[in-house]
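Accompanying notes for the structure given below.
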Amino acid sequence: MDAGRPGPGPAIRVLIADGDPAGRRTLRSLLAPVADVEVVGEAADGVAAVDLAGRTVPDVVLMDLGMPQMGGTAAIRRILTAPTMPQAVIAMSADIDDDQLFDVLQAGVSGFLLKDGDPAVLAEAIRRTHRGHGLLDPLVTRRVIERLAVLSPLPLSPELRSLTAREDDVLSLLAQGHSNRAIASILKIGEGTVKIHVNHVLAKLNLRSRVQAAIYAIEHGVIVRGRGIAADRGGDGRSGRAVAVPESAGLSRAVAS
């Protein structure tokens, strides 16, 4: 893991929440040499995690889903709906439970990592989520794609209809796995303009993260495996370009960009 700070600025303040003392030690030791990350607190259960998040207001919370007293998913919901909430929560688990996975994604986490995943990914996941992006473990991404691929698209929502044509373009490209820079190049607009469009998309769809946006796009048929945009835009002049659902690596890029 690169211990060097990638750029100037204050360290990213991180709260570790893990019910296993060995798990907390492992995370702390992995982050200790990372110059741009500062661990500001540790919690051994969900209640303590919510309390510490409120008192320390970290930039990123690393939350084990198997927390005692208050489960990790419940703690995440409490943290992300608090008046003074951290910028991002990364859920961590030893395995993948489908229902739990979708619960935490719908709660608004910015990332989901497996505990036995590549340790080198941890620091980069923290940096990406701190910048407002996200990161899913490739195995998690594959599970999401497999589950959503067999479902019929949800009806076109009023919120989705409220997107402008340009915002619709940005949502489709985001869910296909393109970074902001790539989207800017494809649409021939500035990267700063792309960021503004992404923020507008999240606000209009009442979403917290690119993770949610990418999944929302698939759930609502904006992109579906082997087909194009699935719904008539109601005569508002939007075109139905054919786009493919990203494979596992693609969705990982979509939420990591």
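Kindly provide the set of residues from the range 203-219 that are of a type outside the set (A, V, I, L, M, F, W, C) and either modelled with pLDDT under 80 or part of a helix (DSSP H, G or I) (or both), ordered by number.
204, 208, 209, 210, 212, 216, 219
Can you tell me which residues in the range 157-171 are surrounded by 21 or more Cβ atoms within 10 Å (Cβ to Cβ) and over 17 Å from residue 195 (Cβ atoms)?
160
Return the residues of the range 178-190 that are surrounded by fewer than 22 Cβ atoms within 10 Å (Cβ to Cβ) and either among the aliphatic types (A, V, I, L, M) or at positive phi (or both); say none if nothing qualifies.
182, 184, 186, 187, 188, 189
For the range 133-145, state whether one or more residues are within 22 Å of residue 26 (Cβ to Cβ) and touching an Asp or Glu at 6+ places or on another chain (Cβ under 6 Å).
For the range 133-145, residues within 22 Å of residue 26 (Cβ to Cβ) and touching an Asp or Glu at 6+ places or on another chain (Cβ under 6 Å): absent.
May I ask you to list pairs of residues, at least six apart or on different chains, whose Cβ atoms are under 8 Å apart, with the first in the range 12-28 being of a type in the set (Lys, Arg) and the second being part of a strand (DSSP E or B)?
13/38; 13/40; 13/60; 24/16; 24/42; 28/16; 28/39; 28/42
Just one of the numbered conditions (1) surrounded by 16 or more Cβ atoms within 10 Å (Cβ to Cβ); (2) more than 24 Å from residue 139 (Cβ to Cβ); (3) at pLDDT 95 or above is not true of residue 36; which one?
Residue 36 satisfies every listed condition except (3).
Go through (1) surrounded by fewer than 19 Cβ atoms within 10 Å (Cβ to Cβ); (2) at pLDDT 75 or above; (3) part of a loop (DSSP other than H, G, I, E, B) for residue 236 and report which single condition fails.
(2)
In the range 46-72, what residues are closer than 19 Å to residue 101 by Cα, free of Cβ contacts under 8 Å to residues at least 40 places away in the same chain and surrounded by fewer than 24 Cβ atoms within 10 Å (Cβ to Cβ)?
Of everything in the range 46-72, those that are closer than 19 Å to residue 101 by Cα, free of Cβ contacts under 8 Å to residues at least 40 places away in the same chain and surrounded by fewer than 24 Cβ atoms within 10 Å (Cβ to Cβ) turn out to be 70, 71.
Hey, does the range 42-52 have a residue that's under 19 Å from the mean Cα position of the chain (by Cα), in the same structural domain as residue 124 (by TED's automatic domain parsing) and at pLDDT 95 or above? Give the steps one after another, and end with the answer.
The first filter runs over the range 42-52 and keeps only residues under 19 Å from the mean Cα position of the chain (by Cα), leaving none.
Checked the range 42-52: no residue is under 19 Å from the mean Cα position of the chain (by Cα), in the same structural domain as residue 124 (by TED's automatic domain parsing) and at pLDDT 95 or above.
The values are calculated or read from the model by the stated rules, or taken from the named source; none is laboratory data. Nothing here was measured: the structure is a model prediction, and the numbers come from that model. Heads up, the Cβs are rebuilt from the backbone with ideal geometry, glycines too, and the neighbour counts pull from every protein chain shown.
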